[in-house]
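Notes follow the structure.
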Amino acid sequence: MDKKWLAGVAVLFLVLAYLFIGFAHQSGKMGRIVQELHGHPGNLGHRYHIVLIEQERYHPYWEMVEKGAEKAAEKYGIDIEFTGPVRNNMDEQINLLEKAIAARVDAIIVQGLNGEKFTPVIDKAVQRGIPVITIDTDAPASKRLAYVGTDNVAAGESLGRLVVQTTGGSGKIGVIIGSELAENQLQRLNGLRNIVKQYENLEIVEVRSSNISHMEAIQQAADMLRVHPEINIMVGTSSTDALGVLQAAKSLKRDSLTIIGFDNQEATLAAIIRGEIKATIAQQPFLMGDTAVRLLHEHFQGKSLLPEYYTEVKVLDKHNAQEGESL
């Protein structure tokens, strides 16, 4: 009787196990069907892993990009990793791009700072099935999926129009750019030149690079003002430049110097409110980060993307500088 009872229990257990496995299989199948009807992929256990490679970690501008990207990643259930050189270094950025490719991440967001250097590595990622979105600076000749950021030539032209508005179309201009190798900086400089050349009494006297360094911006601006005392307006094309120019002007007691900057760092906005910097061209780094991640989510869902997504810039002066804190 005991053997028969045990055999019966065993058979009953096997039947129940078979029914449970069948039920679990059908439930999983129904779950996948429901998810597909809602437009989500069936492999629910997979979370996409993307990497955002910054120009410089812990820089206020890139911290805003991070916040936008992180918010979108949380919304779409994407794992995002932030990396970048501690100090501006193009070769290290490329090295980090190579590491992301080797790690076989699901997607990469990166600047295209220099087409000659970045394009082959971006193309390498795409060839290995890793979509790339360029942010802040484009690499249009590459196989990148899309670009998100400022139209930098147009932003440079906005700088030029500010110069004209401020000077009445007459003056000697000194320019500090973030880098002589970065496409976004050169594009802004070209945009500035497009406007200046339309006015015969406006002249760009000299252009120097700060290498995205506050200290170097101070040194280059001070030296330029010593060599060219006729300069009466200084323009910066990266976020560190106007503040560096301001400090140089104070040390040289050039109180009448007109300074126009780029980006909306807190210290820049405070200087505008105090009347020490005339105005700045503010980008939207938070929106750039948010948009780049959203576009990758749409790509993962099989949607087609446009080649460029330009985020607008805004002129901030004494009347609206406080608005720049929310960009």
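If a residue has to be more than 16 Å from the chain's Cα centre (by Cα) and buried (at least 19 other Cβ atoms within 10 Å of the Cβ) to count, how many in the range 258-275 make the cut?
Step one: of the range 258-275, the residues more than 16 Å from the chain's Cα centre (by Cα) are 258-261, 266-275.
This time we only want the ones that are buried (at least 19 other Cβ atoms within 10 Å of the Cβ), so: 258-261, 268-269, 271-272.
Adding up the residues that qualify gives 8.
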> Which residues, counting only those in the range 281-315, are under 22 Å from residue 55 (Cβ atoms), of a type in the set (A, V, I, L, M, F, W, C), over 14 Å from the mean Cα position of the chain (by Cα) and assigned to a strand (DSSP E or B)?
Replying inline: 281
> Which one is surrounded by the fewest Cβ atoms within 10 Å (Cβ to Cβ) among residues in the range 239-256 that are at pLDDT 95 or above and under 26 Å from the mean Cα position of the chain (by Cα)?
Replying inline: 243
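Out of the residues in the range 244-280 meeting the condition of being in a loop (DSSP other than H, G, I, E, B) and among the hydrophobic types (A, V, I, L, M, F, W, C), tell me which one is nearest to residue 172 (Cα to Cα). Before the answer, list the steps.
Pass one, the range 244-280, residues in a loop (DSSP other than H, G, I, E, B): 252-257, 263-265, 275-278.
Remaining after also requiring among the hydrophobic types (A, V, I, L, M, F, W, C): 252, 257, 277.
On the way: 252: 17, 257: 11, 277: 17 Å.
Here the answer is 257.
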>> For the range 261-281, which positions are over 19 Å from residue 165 (Cα atoms) and of a type in the set (S, T, N, Q)?
In response: 264, 265, 268
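From 250, 314, grab the single residue that is out of contact with any strand residue (DSSP E or B) (no Cβ under 7 Å at 6 or more places or on another chain) and among the charged types (D, E, K, R).
On the way: 314 fails: out of contact with any strand residue (DSSP E or B) (no Cβ under 7 Å at 6 or more places or on another chain).
The match here is 250.
Quickly run through the range 64-90 and pick out the residues that are of a type in the set (D, E, K, R) and at pLDDT 95 or above. Give the derivation first.
To start, the set of residues in the range 64-90 that are of a type in the set (D, E, K, R) comprises 66-67, 70-71, 74-75, 79, 81, 87.
Passing the criteria: 66, 67, 70, 71, 74, 75, 79, 81.
Out of the residues in the range 280-327 meeting the condition of being closer than 17 Å to residue 152 by Cβ and aliphatic (A, V, I, L, M), tell me which one is modelled with the lowest pLDDT.
From the range 280-327, those closer than 17 Å to residue 152 by Cβ are 280-285, 287-288, 291-292, 307-315, 327; that's our starting set.
So of that shortlist, the ones also aliphatic (A, V, I, L, M) come out as 281-282, 287-288, 292, 313, 315, 327.
Values: 281: 96, 282: 96, 287: 97, 288: 98, 292: 98, 313: 95, 315: 95, 327: 67.
The residue in question is 327.
Here is a yes/no grid of residues against (1) closer than 20 Å to residue 76 by Cβ; (2) not assigned by TED's automatic domain parsing to the domain that holds residue 177:
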residue	(1), (2)
246	no, no
260	no, no
264	no, no
277	no, no
297	yes, yes
304	yes, yes
308	no, yes
> Can you name every residue in the range 72-94 that is assigned to a helix (DSSP H, G or I) and either surrounded by 14 or more Cβ atoms within 10 Å (Cβ to Cβ) or among the aliphatic types (A, V, I, L, M) (or both)?
Replying inline: 72, 73, 76, 90, 92, 93, 94
> What is the one condition in (1) within 26 Å of residue 68 (Cβ to Cβ); (2) of a type in the set (A, V, I, L, M); (3) not assigned by TED's automatic domain parsing to the domain that holds residue 220 that residue 141 does not satisfy?
Replying inline: (1)
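Out of 153, 105, I need the residue that is touching a residue at least 40 places away in the same chain (Cβ under 8 Å), aliphatic (A, V, I, L, M) and assigned to a loop (DSSP other than H, G, I, E, B). Which one?
Numbers: 153 fails: assigned to a loop (DSSP other than H, G, I, E, B).
Selected residue: 105, the only one of 153, 105 that is touching a residue at least 40 places away in the same chain (Cβ under 8 Å), aliphatic (A, V, I, L, M) and assigned to a loop (DSSP other than H, G, I, E, B).
Name the residues in the range 156-176 that are aliphatic (A, V, I, L, M), part of a helix (DSSP H, G or I) and closer than 15 Å to residue 187 by Cα, would you?
Residues of the range 156-176 that are aliphatic (A, V, I, L, M), as a first pass: 159, 162-164, 173, 175-176.
Still in the list and also part of a helix (DSSP H, G or I): 159, 162-164.
Selection gives 159 alone.
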> Given the structure, is residue 115 in contact with a helix residue (DSSP H, G or I) (Cβ under 7 Å, 6 or more places away or on another chain) and surrounded by fewer than 23 Cβ atoms within 10 Å (Cβ to Cβ)?
Replying inline: yes
> Taking residue 289, is it in contact with a Leu (Cβ under 8 Å, 6 or more places away or on another chain), farther than 25 Å from residue 167 by Cβ and buried (at least 24 other Cβ atoms within 10 Å of the Cβ)?
Replying inline: yes
> Is it true that some residue in the range 187-198 is part of a loop (DSSP other than H, G, I, E, B), surrounded by fewer than 17 Cβ atoms within 10 Å (Cβ to Cβ) and modelled with pLDDT of 95 or more?
Replying inline: yes
> Looking at the range 47-61, which of the residues that are touching a helix residue (DSSP H, G or I) at 6+ places or on another chain (Cβ under 7 Å) and in a loop (DSSP other than H, G, I, E, B) is farthest from residue 110 (Cα to Cα)?
Replying inline: 48
> Checking residue 153 against (1) farther than 17 Å from residue 260 by Cα; (2) surrounded by fewer than 20 Cβ atoms within 10 Å (Cβ to Cβ), which single condition isn't satisfied?
Replying inline: (1)
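The values are calculated or read from the model by the stated rules, or taken from the named source; none is laboratory data. Remember, it's a predicted structure, so these values are computed and weren't measured experimentally. Neighbour counts run over all protein chains shown; Cβ positions are idealised from the backbone, glycine included.
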